[in-house]
1. Please find, within the range 136-174, the residue that is surrounded by the most Cβ atoms within 10 Å (Cβ to Cβ) out of those that are more than 25 Å from GLN60 (Cβ to Cβ) and touching a Phe, Trp or Tyr at 6+ places or on another chain (Cβ under 7 Å).
2. Mind checking which pairs have a first residue in the range 46-72 that is of a type in the set (Phe, Trp, Tyr) and a second that is surrounded by 13 or more Cβ atoms within 10 Å (Cβ to Cβ), Cβ under 9 Å, 6 or more apart or different chains?
3. When only residues in the range 44-98 that are surrounded by 13 or more Cβ atoms within 10 Å (Cβ to Cβ), charged (D, E, K, R) and closer than 16 Å to VAL16 by Cβ count, which is nearest to the chain's Cα centre (by Cα)?
4. ALA201 - would you say it is surrounded by 18 or more Cβ atoms within 10 Å (Cβ to Cβ) and either among the polar types (S, T, N, Q) or on the phi < 0 side of the Ramachandran plot (or both)?
5. Let me spell it out: the conditions are (1) out of contact with any Lys or Arg (no Cβ under 8 Å at 6 or more places or on another chain); (2) surrounded by fewer than 23 Cβ atoms within 10 Å (Cβ to Cβ); (3) not in a loop (DSSP other than H, G, I, E, B), and GLY26 meets all of them except one. Which number is the exception?
6. Condition first: outside the structural domain of ILE179 (by TED's automatic domain parsing), part of a loop (DSSP other than H, G, I, E, B), closer than 30 Å to LEU162 by Cβ and among the hydrophobic types (A, V, I, L, M, F, W, C). Can you find one or more residues in the range 61-70 that meet it?
7. Answer yes if at least one residue in the range 4-16 is within 15 Å of LEU68 (Cα to Cα) and of a type in the set (Val, Ile, Thr), and no otherwise.
8. For the range 148-182, give me each residue that is modelled with pLDDT of 95 or more and in a loop (DSSP other than H, G, I, E, B).
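The values are calculated or read from the model by the stated rules, or taken from the named source; none is laboratory data. Fair warning: this is a prediction, and the values are worked out from it, not measured in the lab. Reconstructed Cβ throughout: ideal geometry from the backbone, glycine too, with neighbour counts over all protein chains shown.
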Amino acid sequence: MVCVEDLKRRAAEAAVELVRPGMVIGLGHGSTARYALLRLAELVKAGTLWDIVGVPCSTQVEGEARRLGIPLTTLDEHPELDLTIDGADEVDPELNLIKGGGGALLREKIVAQASRREVIVVDEGKLSPALGTRCPVPVEVVPFGWRAQARYLEALGAQVALRAGPDGASAKTDQGNLILDCRFGPIAQPEALARRLEGRAGIVGHGLFLGLATDLIVAGRDGVRHVRLGSR
C-alpha cells in the first residue's frame, strides 16, 4: 500500500531539485508544499544551497520558514520570483488548478502571478478529468454582506458552505476575510466562471488557478513524473 504522505514528500523534494543558488523562491502553503520547505531548510543548513531568499504565501509559512532558518524577503523587494513551489487540491489535464483548501488562495495567486515558473507538486490522487470533480472552489469574500455573495454563487449553480475554523467559528484568511466553499461539480468552462467571480464586488479572490502552472510534479505508484506546460 502506497503512503500518500510519502508521495507528497517525493513530489516536493523532486521540485526542490529545480532550485539553484541565488534564486528568489515562492514558498507555497499546504501539506505538500511543506515538504519542499523542509528540504530547502536541510540544503541551506548543509551549505549545498546558498544565497536564496523566499517569499512565503502565508503568515503560517513565514513563521515556519523563519524557524527553519530560510532567509525571507517580500514581493515589494523582489516583485519577480524565479520559481514558486506550491501544492494544489485538484489538477486538470491542462495544468489548471483548484487551490485554497488551506485558506491561503489570495496570497498564493499573487505569488504565482509574480513567478517566472509555478511548480505544482501533488500526489496522483489530485489529478482530475475536470476541475470541480473532486473538490469545491474556495471563494474569498469580505465579511461585509457575505450572504449576498453566497446567494450570487448559488445563482451560478454552486452549493455553498461557509468554511469553519478548528474552533467552530468562521475561518478567517490572513487578510481577515471569509471563505465560501462552492461545489459546482465538474466545471465545463472554468474561464467563464472565473470571469463571473472576478466581476463581483465583495469577492476578493477565488481558487481557480488557470494558466498559471508551468510545471507539474506528480508522485504516484509508478514513480515521479515531471510535466511541463505544453508537453505530455
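1. ALA158
2. TRP50/LEU43; TRP50/VAL44
3. ASP86
4. Details: surrounded by 18 or more Cβ atoms within 10 Å (Cβ to Cβ): no; either among the polar types (S, T, N, Q) or on the phi < 0 side of the Ramachandran plot (or both): yes.
Here the answer is no, as ALA201 does not meet what is asked.
5. Result: GLY26 fails condition (2) only.
6. Filtering the range 61-70 down to residues outside the structural domain of ILE179 (by TED's automatic domain parsing) leaves 61-70.
With part of a loop (DSSP other than H, G, I, E, B) added as a condition, the list becomes 69-70.
Going one step further and asking which of them are closer than 30 Å to LEU162 by Cβ, we end up with none.
No, that holds for no residue.
7. Looking only at the range 4-16, we keep the residues that are within 15 Å of LEU68 (Cα to Cα), and these are none.
Scanning the range 4-16, I find no residue that is within 15 Å of LEU68 (Cα to Cα) and of a type in the set (Val, Ile, Thr), so the answer is no.
8. LEU156, GLY157, ALA158, ARG163, ALA171, LYS172, THR173, ASP174, GLN175, GLY176, ASN177
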